[in-house]
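One structure is given below, encoded as structure tokens.
The values are calculated or read from the model by the stated rules, or taken from the named source; none is laboratory data. Computed from a predicted model, the values in this text were never measured in an experiment. Cβ atoms come from the backbone with ideal geometry, glycine included; neighbour counts cover every protein chain shown. Keep in mind that these areas ignore ligands, DNA and RNA; they rest on the heavy atoms of the full protein, side chains included. Shrake-Rupley method; radii C 1.70, N 1.55, O 1.52, S 1.80 Å.
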Amino acid sequence: MKRLHSCLYVIRLEEKGNNPEQCTAVQHIVANTAKPAPYLVFGPPGTGKTVTLVKAIMQIVKTKPAECNILVCAPSNSATDHLCEKILEVTPKRCTVYRLYALRCAVKTLSKERRVWIFFLSVLLIAHFSCNLDLKENQVMIPSKVELMRHKIMVTTLNTAGRLVTGGIPQGHYSYIFVDEAGQATEPECIIPLAGLMKLKTCQVVLAGDPKQLGAVITSIMAKKYGLGLSLLERLMSDIDLYKQHETYGFNKRFVTKLLRNYRSHPAILKIPNGLFYKGELQTFASNEICSLYCKWELLPKKVMQPPHARTHGFPLIFHGVAGTDERDEDSPSIYNTAEVEVLKEYLKALIKHLHKKGVTNIGPNEIGIIAPYRKQVEKIQNALQTDQDLCKENLENISVGTVESFQGKESKVILVSAARSIPKLTDPKQRFSLGFVDNEKRFNVAMTRAQALLIVVGDPRVLRTDATWNKFIHYCYEEGGYRGIPLSDEEEEDTLTDENSPSFREE
């Protein structure tokens, strides 16, 4: 407790009034209250996991400038680069940050934006930032042990952290090891920096992630069979009592903090995932300016939302029922649904027209994203954007189209989702079948929590309602007046196909 009290004293007063769960996590991380056990930051969508880690790193640098060396890791290069950017924004220039890239990293394949970023930092922040990429020679350098050890903050991927071990960095050199997106990493991958660099008595490990979202992609059937599809973060929270939530007292804050403030989504969009996966504990703190952008959009079936559902008016959520058909090409087992692609195109055209009315000529990054569970459906949607006679005239290069996996960790003001599965003969309740990727709760959670201001889901309700999770979502949209398209059943036909709620894309 003495360590915690001293930590509370040194954290500046300006930290007070911030996110209380983030502050709690930072205080316990800096005070090493979990050591030698890992400290877990359980971060549901949009709650600021990375921000929490960066705040903790900033406080460590401020309060323990002489004694601490910090290793920061993430599973992918994109997540690691994002971490590095955020760390550089807050750390003082006396604290050197080093970005270690893998030797196999192809410098020529780096995006123009990434090259400019590295060049900018190397020139203007030469005493503050460095990395092992030589842009002039288009090659990755091999830093010496001395070079690696002189930097206070080392940022690299989990796999490349093994290079630090083979490079001779002694066990115990790092006093903190942070792993962001730990829920997306395989357990062996997450253990790489711990096995060779962690010393129990002197090192605090911090894992941040969300076990309710997608984990690592495991292609080996044998690996899945023996449990390697489970991340270290999820295993700790599932199997170790220390990290389990008590019915009355919640989580033990000495070892784990659950972030509760969602800064991303309109309350109506967050409601179903919050209830299904987070016990309804998430609180909506999204910017009203952002999350109300589409609350008066012409095509919303319902434009007014009554309290207590939201701080903002409107119900920016649509489920559009489509009676399509599962299709497959001869050379691929992946599923696509042409009928849903056509509906998505019409919604996209309406969105572009809406933006043009507001004076937006070019769609910016993170404005619109399109998610589909199957690669073939993604391919068909991408092709439609390039071949449709109206859409091909627009500049749509910033519209992201991808699978659920490619959207984890991302957000857009508008998200369109195509469920793709539609098998009319299987709507008979006596039939036994699987929705495949579509009935995966973690995929559902990720797909439905990417949108900030507007979520449009296109699918076949007759099939999707056979899954309990999808049934709750569709029923929610229907009850709140956000349903369009084919009738849910014969009894509901009269209600769902009224003039006000027609599948037509005629603007009001």
(Q) Among (1) assigned to a helix (DSSP H, G or I); (2) open to solvent by less than 20 Å² (accessible area, probe 1.4 Å); (3) farther than 20 Å from residue 186 by Cα, there is one condition residue 86 misses while meeting the rest; what is its number? (A) (2)
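Which of the residues spanning the stretch 439-454 are in contact (Cβ under 8 Å) with a residue 12 or more places away in the chain, under 20 Å from residue 217 (Cα atoms) and either in contact with a strand residue (DSSP E or B) (Cβ under 8 Å, 6 or more places away or on another chain) or open to solvent by 30 Å² or more (accessible area, probe 1.4 Å) (or both)?
439, 441, 442, 443, 447, 448, 450 - these are the residues of the stretch 439-454 that are in contact (Cβ under 8 Å) with a residue 12 or more places away in the chain, under 20 Å from residue 217 (Cα atoms) and either in contact with a strand residue (DSSP E or B) (Cβ under 8 Å, 6 or more places away or on another chain) or open to solvent by 30 Å² or more (accessible area, probe 1.4 Å) (or both).
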**Q.** Sole residue being part of a strand (DSSP E or B) and either open to solvent by less than 20 Å² (accessible area, probe 1.4 Å) or not charged (D, E, K, R) (or both), chosen from 216, 208
**A.** 208
(Q) Residue pairs, Cβ under 9 Å, 6 or more apart or interchain, first in the stretch 203-226 and closer than 16 Å to residue 188 by Cα, second open to solvent by 90 Å² or more (accessible area, probe 1.4 Å). List them. (A) 218/224
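Considering only residues that are at pLDDT below 50 and part of a helix (DSSP H, G or I), which ones fall in the stretch 1-37? Steps first, please.
Here is the first cut: in the stretch 1-37, the residues at pLDDT below 50 are 1-17.
Within the stretch 1-37, 2, 3, 4, 5, 6, 7, 8, 9, 10, 13, 14, 15 qualify.
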Q) Counting only residues that are modelled with pLDDT under 95 and farther than 20 Å from residue 278 by Cβ, how many does the stretch 220-238 have? A) 10
Q: Check off (1) touching a helix residue (DSSP H, G or I) at 6+ places or on another chain (Cβ under 9 Å); (2) without any contact (Cβ under 8 Å) to a residue 60 or more places away in the chain; (3) assigned to a helix (DSSP H, G or I) for residue 314 and give me the number that stays unchecked.
A: (3)
Q. Just to be sure, is residue 140 open to solvent by 60 Å² or more (accessible area, probe 1.4 Å) and more than 24 Å from residue 29 (Cβ to Cβ)?
A. no
Q | Residue that is nearest to the chain's Cα centre (by Cα), among those in the stretch 69-83 that are touching a residue at least 24 places away in the same chain (Cβ under 8 Å) and surrounded by fewer than 22 Cβ atoms within 10 Å (Cβ to Cβ) | A | 79
Q. Within the stretch 261-283, can one find any residue that is surrounded by 22 or more Cβ atoms within 10 Å (Cβ to Cβ), under 30 Å from residue 316 (Cα atoms) and among the aromatic types (Phe, Trp, Tyr)?
A. yes
Q.
Can you pull out every residue in the stretch 328-385 that is assigned to a strand (DSSP E or B) and under 24 Å from the mean Cα position of the chain (by Cα)?
A. 368, 369, 370, 371
Q.
Checking the conditions here, which among 397, 411 is without any contact (Cβ under 8 Å) to a residue 24 or more places away in the chain, closer than 24 Å to residue 293 by Cα and open to solvent by 10 Å² or more (accessible area, probe 1.4 Å)?
A. 397
(Q) Among the residues in the stretch 184-196, are any open to solvent by 20 Å² or more (accessible area, probe 1.4 Å), part of a loop (DSSP other than H, G, I, E, B) and hydrophobic (A, V, I, L, M, F, W, C)? (A) no
**Q.** Residues (over 13 Å from residue 157 (Cβ atoms) and small (Gly, Ala, Ser)) located in the stretch 183-196
**A.** 183, 195, 196
Q | Of the criteria (1) open to solvent by 10 Å² or more (accessible area, probe 1.4 Å); (2) among the aliphatic types (A, V, I, L, M); (3) touching a residue at least 24 places away in the same chain (Cβ under 8 Å), which one residue 66 fails | A | (3)
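Take the stretch 32-63 and flag every residue that is aliphatic (A, V, I, L, M), without any contact (Cβ under 8 Å) to a residue 60 or more places away in the chain and surrounded by fewer than 22 Cβ atoms within 10 Å (Cβ to Cβ). Don't jump to the end; show me each part of the working.
Start the filter on the stretch 32-63 by keeping residues that are aliphatic (A, V, I, L, M), which leaves 34, 37, 40-41, 51, 53-54, 56-58, 60-61.
Okay, now just the ones that are also without any contact (Cβ under 8 Å) to a residue 60 or more places away in the chain, so 51, 54, 58.
Those that are aliphatic (A, V, I, L, M), without any contact (Cβ under 8 Å) to a residue 60 or more places away in the chain and surrounded by fewer than 22 Cβ atoms within 10 Å (Cβ to Cβ): 51, 58.
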Q: Working carefully through the options 227, 168, 162, find the one that is out of contact with any Gly (no Cβ under 6 Å at 6 or more places or on another chain) and assigned to a helix (DSSP H, G or I).
A: 162
Q. Within the stretch 468-481, is there a residue that is in contact with a Pro (Cβ under 6 Å, 6 or more places away or on another chain), open to solvent by less than 30 Å² (accessible area, probe 1.4 Å) and at pLDDT 95 or above?
A. yes
Q. Looking at the stretch 89-99, which of the residues that are farther than 21 Å from residue 19 by Cα and either in contact with a helix residue (DSSP H, G or I) (Cβ under 7 Å, 6 or more places away or on another chain) or of a type outside the set (S, T, N, Q) (or both) is most open to solvent (accessible area, probe 1.4 Å)?
A. 94
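Condition test on residue 217, is it modelled with pLDDT of 90 or more and within 24 Å of the chain's Cα centre (by Cα)?
Numbers: modelled with pLDDT of 90 or more: no; within 24 Å of the chain's Cα centre (by Cα): yes.
So residue 217 does not fit the description; no.
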Q) Looking at (1) at pLDDT 90 or above; (2) open to solvent by 10 Å² or more (accessible area, probe 1.4 Å), which is the only condition residue 180 fails? A) (2)
